[in-house]
Structure formats: structure tokens, C-alpha cells
Amino acid sequence: MRVKPFPENTADDRGVTLIELVVAMSIMGFFTAIVATAVAQMYTTANKAEATQALQSRLNIVFERLDAEIRYASAISKAGTGTDGADQYVEYLNVNGSTQLCTELRLRGDILARRTWTSGNTPSGGWSTLAGGLSSTTPFTVTSTVGVRQQLKLSLTATLAAAGPAAGSHTAEFLFTALNSDATATSSNATVCSEGRAGT
């Protein structure tokens, strides 16, 4: 029996030409770039969402710490600026039985801090930090409309980072109403607890 020789040239033996290889690699590179861009965008979006959440949490902590105090304040002072122009202040008065307790809020640099003292005394030091990384041109706005309770509005911008994928800032405004205040006595409220500004 005679065996036929295997043909030297068949379609199955031709392999891949250089042009076909280049075209295939180009198509694969194109789709790889699309997928890589989508993944990078997902990470950027996730980082920004996480940064916003962290900023909002920081501001919410400030709100929770101050809400109970200011809500039951009997008077809020007029907001003002320190003598060196670096600090912005506001004070409010809480009455607990026979004790009159003053609380002062200060935004200096990027730090929001508070301190307390007994009304009539001049405090010295005693600042505790509420939050850092904050800024505002007008952090404290006091409204004393006749017939309405006094209100204190806080406007704060929290910044997480100046650069990078998580960079961002978030501005929040909080409005506190002093339920025990008497807005008809605006002249006396304007200077309540303001002796704290003479302290350090």
C-alpha cells in the first residue's frame, strides 16, 4: 500500500503574519486601556465619596457637641473678631440652677475650639479643640429678632486634603435656636459673657 506524502502547503500551516499580530495587539491594547480607565475612575469616585463622608462626619461631630448646649442657652453674645484679627468669637450663657456658665467658641487658624467659665470671671486658657481643618470667613452669625428666640448660625468649611484623589472640601451650615433666650433684650444679650475675649 502506498502512502501519499503530506502536502507541504496547507491552510492549517500558514500561522499568523506580522500584520495580523500587530492588529490583534492593537485591539487588545485599546480594550485594556478602556478597562483600566474605568477602574481608575471607579477608585477616584470611591475616594471622593469617602472623603466627603469623612468631612461630613467631622462637621456632624461639631453639631452634636454644640446642639444641646446652645439649644438651652439663655443668651448669645454678638459675634466678633479678636484684637489681633486672627480669632473669631461668639459666646453663650447657660443657667444651671444658681450657676451661670459661659461658653466661648473660637475659630483660630483652622481650629474650632471652646472653653467655659463661671459668668463674671475672666477665663484664662482652658481651650479644648472641637475640630480641625476648618475655615470660614464668617463662622458665627447671631440673629436677635424681637419676638423670636436668639439664633446662632455656624458656617464652616472642612478640608480633607489639598491634593490627591481624596482632595476635597465640604461646607455646612448649622442653625441653633436658643430656646431659653429672650430676643427682646438684644442690648444685654450683645455683650453676655464677652469678658472671655479679654482672656487668652
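Worth a mention:
- Cβ-placed point charges (K, R +1; D, E -1), dipole of the stretch 41-198 about Cα centre in debye, nearest 20: 80
- Long-range tail of P(r) for the stretch 41-198 (Cα pairs > 23 Å, %): 40
- Other residues whose C-beta falls under 10 angstrom from the C-beta of E195 contribute a net charge of -1, scoring Lys and Arg +1 and Asp and Glu -1.
Read-outs throughout are calculated quantities, based only on the coordinates presented, and are distinct from any laboratory measurement. If you're wondering where the values come from, they're calculated on a predicted model, not measured in any experiment. Positions of Cβ are backbone-derived with ideal geometry, glycine not excepted, and every protein chain shown enters the neighbour counts.
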